[in-house]
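Below is one structure, written out as structure tokens; the observations come after it.
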Amino acid sequence: MKTIDNVMKVPFVDLKAQYELIADEVDAAIMDVIHRTAFIMGDEVRQFEQEFADYCGAKYAVGVDSGTTALELALRAYDIGPGDEVITQANTFIATALAISATGATPVLVDIDPETYLIDVAAIRGAITEKTKAIMPVHLYGQPADMDPIMELAEKHGLVVIEDSAQAHGARYKGRRTGSLGHTAAFSLYPSKNLGAYGDAGIVVTDDPEVADNVNMLHNYGQRKKYHHEEIGYNHRLDTVQAAVLHVKLKYLDAWNAARQRHAELYNELLAESNVVTPIQAEDRDHVWHLYVIRTKQRDALQEALQAKGISTVIHYPIPVHLQKAYESLGYKSGDFPNTEQFAREIVSLPMYSELTSDQIMRVANAVTEFTG
Ligand SMILES: *Cc1c(COP(=O)(O)O)cnc(C)c1O
């Protein structure tokens, strides 16, 4: 095989391109924390929590050490645990389910809507039992779930709604930002997310002072007052260094999301006549395109053809949660969630990040069209 000139390669993500744009600012912010040796719970943590809550249009935020932790502590803040059921979707990153399992509760999975790839609201309705305590819709790929009917359903059955907003920082549903749509939301701040730290990080966002207070207590050894431990808590704090990086990056998030939106529009335009299924943005939503996911029956061959041209792609996700070995004990089987299973065979995510150039997008789109027609 010919070697591909580095310049012609299109990586799936390029964290370095973004770092180079803000290197001076980030380096200074990190060094400032180090010079003050403010490693744990430095001022930047509270500062970032408040500005991220404000950004979401919510009252409170508590920084934690990952998105998985944010989901888990959000559930624990509502006392969800053994014997309880939490409804989420089968096509999500495994962490959504792992967080539910970590509390001792049981993840109850449902299928997705084939248009938006988001949680199927009618399926949620069908999955509610006496044991159901919460619904955890995932704003998958950067598009908010259909929250109004979900909140209505939750109200009717007395359930808590926790948004898995790990892929949707800044996305909007009917004008309102993720983080302010459910009762509480959890965000991942993993490096490659739309807003990413320089290591693991996450944050819980809520309007409920009691939930914020509970997460605050749980993530810091179960104490509200130093050395007074009310519950068997955890050490799940957000590092000051990460909060400092996130503070620098937050002010760029809208511009970075706008760039992703332009990239998605260009992909849509260039792939309009091709034989792949392009993603749909619901009319009442602002998608922030964490991922740009297309569908084709020739997925594996397409992925190989793109790789041969130096174009990297990823499948999100190749094995649905209900067919993972780790979840054998839940008793699901192949065929339970037809949309999720079909899409797992057909989806592929094209390169998507803010610093992608139009030239790179055209190269990717041309390669896709050349292959699929
Ligand atoms: C990334 C992600 C998580 C987990 O976040 P971590 O920070 O990696 O723990 C959870 N849910 C979804 C949908 C994600 O994409």
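Each reported figure results from applying straightforward, stated rules to the coordinates on display, with no laboratory input. This one's a predicted model, so the numbers in the text were calculated from it and none came from an experiment. Cβ: placed from backbone, ideal geometry, glycine included. Neighbour counts: every protein chain shown.
Structure values in brief
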read-out: Test: residue in the stretch 92-103 that is at positive phi, within 16 Å of the ligand (Cβ to nearest atom), part of a helix (DSSP H, G or I) and under 18 Å from the mean Cα position of the chain (by Cα); value: no
read-out: Set LEU109, LEU75: member being in contact (Cβ under 8 Å) with a residue 12 or more places away in the chain and part of a helix (DSSP H, G or I); value: LEU75
read-out: Listing of helices (runs of 4 or more DSSP H) fully contained in the stretch 267-373 that carry 1 or more residues being over 24 Å from the mean Cα position of the chain (by Cα) and of a type in the set (A, V, I, L, M, F, W, C); value: 299-308, 358-372
read-out: Residue match in the stretch 148-160 (condition: under 22 Å from SER66 (Cβ atoms), in contact (Cβ under 8 Å) with a residue 60 or more places away in the chain and buried (at least 24 other Cβ atoms within 10 Å of the Cβ)); value: no
read-out: Filtered residues of the stretch 116-134 (kept if under 21 Å from ARG76 (Cα atoms) and either in contact with a helix residue (DSSP H, G or I) (Cβ under 6 Å, 6 or more places away or on another chain) or within 12 Å of the ligand (Cβ to nearest atom) (or both)); value: ILE128
read-out: Residues that are among the basic types (Lys, Arg) and either over 30 Å from ALA305 (Cα atoms) or assigned to a helix (DSSP H, G or I) (or both), drawn from the stretch 7-62; value: LYS16, ARG36, ARG46, LYS59
read-out: Matching residues, the stretch 271-288, being under 19 Å from ALA255 (Cα atoms) and either touching a Phe, Trp or Tyr at 6+ places or on another chain (Cβ under 7 Å) or surrounded by fewer than 16 Cβ atoms within 10 Å (Cβ to Cβ) (or both); value: ARG285
read-out: Test: residue in the stretch 187-209 that is farther than 17 Å from ARG46 by Cβ, crowded, with 23+ Cβ neighbours inside 10 Å and among the polar types (S, T, N, Q); value: yes
read-out: Of residues in the stretch 71-94 being surrounded by 23 or more Cβ atoms within 10 Å (Cβ to Cβ) and among the small types (Gly, Ala, Ser), the one farthest from ALA154 (Cα to Cα); value: ALA90
read-out: LEU330, sole failed condition from (1) under 24 Å from VAL276 (Cβ atoms); (2) surrounded by 12 or more Cβ atoms within 10 Å (Cβ to Cβ); value: (1)
read-out: Qualifying position, being among the small types (Gly, Ala, Ser) and out of contact with any strand residue (DSSP E or B) (no Cβ under 8 Å at 6 or more places or on another chain), among GLY158, GLY170, GLY179, GLY126; value: GLY158
read-out: Verdict on ASN268 being away from the ligand (no atom under 16 Å from the Cβ) and free of Cβ contacts under 8 Å to residues at least 12 places away in the same chain; value: yes
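Yes or no, residue by residue, for (1) assigned to a helix (DSSP H, G or I); (2) of a type outside the set (D, E, K, R); (3) over 16 Å from the mean Cα position of the chain (by Cα); (4) more than 16 Å from the ligand (Cβ to nearest atom):
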position: ALA145; (1), (2), (3), (4): no, yes, no, no
position: MET151; (1), (2), (3), (4): yes, yes, yes, yes
position: GLU155; (1), (2), (3), (4): yes, no, yes, yes
position: ILE162; (1), (2), (3), (4): no, yes, no, no
position: GLY170; (1), (2), (3), (4): no, yes, no, no
position: PRO191; (1), (2), (3), (4): no, yes, no, no
position: ILE203; (1), (2), (3), (4): no, yes, no, no
position: ASN216; (1), (2), (3), (4): yes, yes, yes, yes
position: ARG224; (1), (2), (3), (4): no, no, yes, yes
